[in-house]
1. Mind ranking 80-91, 126-137 by how tightly packed they are, going by the mean number of other C-beta atoms within 10 angstrom, highest first?
2. Kindly provide the trypsin sites (Lys or Arg not before Pro) of the stretch 114-145 that DSSP labels as loop, not H, G, I, E or B, and whose Cβ sees at most 11 other Cβ atoms within 10 Å.
3. Order these peptides, 96-103, 196-203, by their mean beta-carbon neighbour count within 10 angstrom, highest first.
4. Modelling each spin label as a point 7 Å along the Cα-to-Cβ direction, I'd like the Val253/His135 distance in nm, to one decimal.
Amino acid sequence: MSDFRRRHLLAVLAGVSVLGMGSGGALAAPSKRRPKSMAKPTPAVPMAKPKLIFLDPGHGGRDPGALGGRGTQEKTVVLAIARDLQRELLAGNRYRVLLSRNTDSYVPLRERVARAQAARADLFLSLHADAHGDHDVRGASVYTLSEEATDREAAALAARENRAGAVISGMRLSEQPDNVAQTLVAMSQRGTVNDSRRLADTVVATFARNGVRLLPRTHRQAGFAVLTSPEIPAALVELGYLSNPQDEKLLTVRQHQMALARALRASVDAYFGTGATRKA
């Protein structure tokens with residue numbers, strides 16, 4: 001055998017030992033790895049369902065709300081800002097939005113809450129503009145449900161909804177004794193109140209960061225009827241004082257209305273932890 005053929009044969013044998021032999025010298029089993037075209041597809045990650053934000057422009061219809069010195073009506077101002085906020089929230093495809101009213105109509109307070117509950121809203125924001133006897137008072141503030149109101153509302157809601165067949169935390173109240181129903185409502189409501197406070201804190205912080213004038217002691221507590229849903233975090237935002245000439249003027253300026261809507265959208269983003277990619 002010539003040297004050339006010997007070298008060629010050795011090269012071939014060396015290739016077999018490297019490519020075709022296992023560690024014990026036997027021929028390696030064919031690979032069972034699937035071709036890429038036959039690989040199992042990676043299951044698609046389901047998209048998170050957009051959060052449902054329920055916006056409640058205060059008053060409406062026969063109830064104009066607060067009145068400014070120049071005749072500005074609260075019901076008109078807050079509806080304009082609610083519509084701006086609706087557009088802001090829908091623009092990012094992160095949220096679904098419902099309004100308690102989209103026209104100059106009157107909706108009873110309890111019905112506003114009932115609509116939000118029926119829709120299983122994730123958040124409830126009620127928008128208002130205040131009035132005060134001292135015309136120097138101005139600035140925004142945020143209200144959440146007080147502990148005292150929580151206790152009173154729990155008793156009233158348990159009694160009322162026992163007859164209506166409401167469901168709290170998956171349990172039908174009508175099937176529970178009155179004391180158990182009241183406890184269920186109170187427990188659910190207290191957890192919701194904590195989430196509502198966190199929402200209020202994000203509104204206050206976002207307003208401050210965006211230069212919105214705030215009242216001293218901005219986050220306050222009261223027994224507003226629209227804040228009493230036992231399972232939906234809720235805040236009532238007073239956007240300013242129509243009784244103050246400066247606030248009244250600002251609240252009728254479209255640029256300011258849109259700035260308030262952007263700040264409120266940023267607050268919702270911050271509450272749900274989605275604020276990193278969008279700024280007010």
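Nothing in this text is a laboratory measurement; each read-out follows from the coordinates by a stated rule. Remember, it's a predicted structure, so these values are computed and weren't measured experimentally. Reconstructed Cβ throughout: ideal geometry from the backbone, glycine too, with neighbour counts over all protein chains shown.
1. Working: 80-91: 19.5, 126-137: 17.6.
Top of the packing list down: 80-91, 126-137.
2. Numbers: sites: Arg115, Arg120, Arg138; in loops: Arg120, Arg138.
When the trypsin sites (Lys or Arg not before Pro) of the stretch 114-145 are filtered for loop state and at most 11 Cβ neighbours within 10 Å, Arg120 remain.
3. So the order, starting with the most tightly packed, is 196-203, 96-103.
4. In this crude spin-label approximation the distance works out to 1.9 nm.
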